[in-house]
Amino acid sequence: MKTPAKTKASLLGEVILITGAGSGIGLALARSLRKSGATIYPCDLEGEDLQSLSEGCSETVHPTVLDITDRLAFIRVVDEIIAKEGKIDGLINAAGITVIGKAADIRVKHWHEVLGVNVTGTVNAIELIYPTMVARGSGKILNMGSIIAETGEVGAAPFATSKGFILGLHRSLQAEASHHGVSVTLALPGYFPPDLLQRKRIVTGDPATVTRAHSLCQSSALMVADVILKGLCRGKKNIFYPPFKARYYWLLAHWFPFLLTPLQKRFLKGFEVNREP
Amino acid sequence: MAEVIVITGANSGIGKEIALTLAGPGRHFFLLARRVPELEKVATALRETGAQATVRPIDLRREHAWPGFFDELAAQDIRIDQVYHCAVRMSVGAVHNTTAGDWEEIYRVNLLTAADILATVFPEMIARSTGRVVLFGSISVNSGYPMATPYCATKTAIHAAWRSLLPEAKRSGVGLHYVSPGFVDTPLFENFILRGVTRQQTRQCALSLRVPISSPRRVATTIVRKIERGKTFVVTPNSIRLLIFIFRHIPSTSRRYFGQMFRSLGVEK
């Protein structure tokens, strides 16, 4: 995908670390940033897509294998980047996993898995990189939230919980970071990319129905990445996707949460009808 | 068979007062907290009212103790009827001064324990179509809380969990309650993890915000009364209700509050 000219100018010479760049929105963001003039460090667990990012631009793209929940490994990676480049200008926290299922079927291990990647991973990234940004007095952080942090979502409680964490973190951090010249942006996609909804991640219900029910829209990760990058370069604080529908649900949850009840009941019904024997 | 009530953070503050409010014959309390002497005192007070009380020292900051505790009760064929997750940890200080250890501690006590409760007791309650889980949030859920980011993040997460699970709880007749207390005079304020700020500054900050500070006993009584009436979203005291409304719907007002907060904590622009 082509990077818009305005995006290019503002990213020239920047060093950006992207977590979760092996799939979904993270991968799409990394692909869009590949030839933007920025030096990027896409991080993820081992994956073909991750390695293929550096094809043709191995000078500026450095795929890094990293388990973001492993703090010591993260420290090593951050130290290496700072030793080599001298700074990290941008941090994109795109890593995320989900588990879909009724409360009765979601076990302790599922909760720990989801909170481990979405919460601990993000905290590790911010705890290690944000202080270096504060010290330099500049930097950009993009957190991947979701509108379900505010609306809640039946059948995706661990994911909603982890995104709630990101929302609270974002709101508080934003007020602080502006004092230190660091800008913090929150992306609020209103849909699950297909990568998030792999079959093994759905513990109850029929995957096709669940996927249909849990998406505000059917679109590609590339389109989301495009909207996010544009918003980021314009200095937006919250980036909704799809821009109108997601914002509409967000406001609804904010002002009249009870209006979302019928929607949630429908989700719940979907699980019950399609419950696998 | 006695009604089994589990309370985390039962040695002081809201947890202790909730235990004392609920005390009475026919109830069996499991009190979970770190400091045993205080816990024993609460247990003695409960026993005097005719209730049974079992003290369980657990350091939720470090141990990953909850699933083990739940399994242990299940093995003894004890079914939990009510859970109150009152244990809480909070730090005051800028994010760049907050250490990995602080994040870990706050995450484990506030959020991971709540998640464990929702993953173990809650499904079992749904299967039985009875029971009650009470989670504690905060007014910061509505606006963010700079200088206490880990606390705010974990509380916002609890709010999201409550909203996601409420329809399922309602359908099966399980009570899933979210409580948003205002500023309560609890030892939480004495046990802050302080990073780059002094206790004196934090106290001044709390005073400068001019938020009414209520007593834990009154708050606990209101919470229990409202929960027993079946309210799933409990805000107490009532004056906080207005504050929440303003923070939620006019975000710029919270910014003014934050400015005041930064000034009294000595954070320069």
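The values are calculated or read from the model by the stated rules, or taken from the named source; none is laboratory data. This one's a predicted model, so the numbers in the text were calculated from it and none came from an experiment. Virtual Cβ from ideal backbone geometry, glycine too; neighbours counted across all protein chains shown. Ligands, DNA and RNA are stripped out before the accessible areas are found, and what is left, the full protein with its side chains, is counted by its heavy atoms. Shrake-Rupley method; radii C 1.70, N 1.55, O 1.52, S 1.80 Å.
On average, how many beta carbons from a partner chain sit within 10 Å of the beta carbon of a residue in B:119-128?
Numbers: counts 10, 3, 0, 4, 6, 1, 2, 3, 1, 0.
Rounded to a whole number, the mean comes out at 3.
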Worksheet entry | Helix B:36-48 vs. chain B, principal-axis angle (Cα, 0 to 90°, nearest 10) | 50
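Whats the longest run of chain A with zero GluC sites (Glu not before Pro) that are DSSP loop and have at most 11 other Cβ atoms within 10 Å?
Working: sites that count: A:Glu46, A:Glu55, A:Glu59.
After excluding every exposed loop site, the longest remaining stretch is A:60-277.
Of the cross-linked pairs A:Lys237/B:Lys231; A:Lys35/A:Lys163; B:Lys16/B:Lys170; A:Lys84/A:Lys237; A:Lys35/A:Lys109; A:Lys84/B:Lys155, which ones have a Cα-Cα span greater than 32 Å in the structure shown?
Values: A:Lys237/B:Lys231 35 Å; A:Lys35/A:Lys163 30 Å; B:Lys16/B:Lys170 28 Å; A:Lys84/A:Lys237 30 Å; A:Lys35/A:Lys109 40 Å; A:Lys84/B:Lys155 38 Å.
Flagged as over cut-off: A:Lys237/B:Lys231; A:Lys35/A:Lys109; A:Lys84/B:Lys155.
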Practice prompt. With springs only between Cα atoms under 10 Å apart, run a GNM on chain A and tell me which of A:Ile25, A:Ile239, A:Ile81 wobbles the most.
Written response: A:Ile81
Item to complete: Using only C-alpha positions, report the orientation-averaged shadow area of the convex hull of chain A, nm², one decimal.
Response: 14.3
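Kindly provide the GluC sites (Glu not before Pro) of region B:26-82 that DSSP labels as loop, not H, G, I, E or B, and whose Cβ sees at most 13 other Cβ atoms within 10 Å. Each step should come with its number before you reach the end.
Working: sites: B:Glu38, B:Glu40, B:Glu48, B:Glu63, B:Glu72; in loops: B:Glu63.
Those that pass, being in a loop and sparsely packed, are B:Glu63.
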Worksheet entry | Average other protein chain Cβ within 10 Å of Cβ, residues A:254-264 | 2
Discussion item. How shielded is B:140-153 by partner chains, expressed as the average number of their Cβ atoms within 10 Å of its Cβ atoms?
Written reply: 6
Practice prompt. Count neighbours as other Cβ atoms within 10 Å of each site's Cβ, and list the GluC sites (Glu not before Pro) in region B:90-196 that are DSSP loop with at most 14 such neighbours.
Written response: B:Glu190
Practice prompt. Report, to the nearest whole %, how much of the accessible area of region A:6-271 belongs to carbon and sulfur atoms, 1.4 Å probe, protein only.
Written response: 56
Discussion item. Show log10 I(q)/I(0) for region B:194-239 at q = 0.27, 0.28 Å⁻¹, two decimals, from a solvent-free Debye sum over equal Cα scatterers.
Written reply: -0.93, -0.97
Item to complete: Select from A:Lys163, A:Lys35, A:Lys84 the residue whose mean-square fluctuation is largest in a Gaussian network model of chain A (Cα-Cα springs shorter than 10 Å).
Response: A:Lys84
Response to the item:
For the pair A and B, the solvent-accessible area buried on both sides (1.4 Å probe; DNA, RNA and ligands excluded), in Å² to the nearest hundred, is 3900
Practice prompt. Stick to the Cα atoms of region B:42-167, pair each with every other, and give me the Kirkwood hydrodynamic radius in Å at one decimal.
Written response: 16.1
Response to the item:
Env charge @ B:Ala10, Cβ radius under 12 Å, K,R +1 / D,E -1, value +2
Worksheet, complete the sentence: Percent of all Cα-Cα pairs per 10 Å bin for chain B, counting from 0 up to the last occupied bin, reads 7, 30, 37, 20, 6, 0, 0
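Do the sum for chain A: with -39,500 (n - 2.57) for every DSSP H run of n ≥ 4, divided by all residues, what is the mean residue ellipticity at 222 nm, to the nearest 500 deg cm²/dmol? Could you put the intermediate results ahead of the total?
Values: 12 runs with 132 residues, N = 277.
Value at 222 nm, helices only, nearest 500: -14500 deg cm²/dmol.
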Worksheet item: For the protein assembly as shown, what's the radius of gyration and Dmax over Cα atoms, in angstrom?
Response: 23.1, 77
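When the accessible area of chain B is split by element with a 1.4 Å probe, what percent falls to carbon and sulfur? Intermediate values should be presented prior to the final figure.
Values: 5490 of 10560 Å².
Here carbon and sulfur together make up 52 percent of the probe-accessible area.
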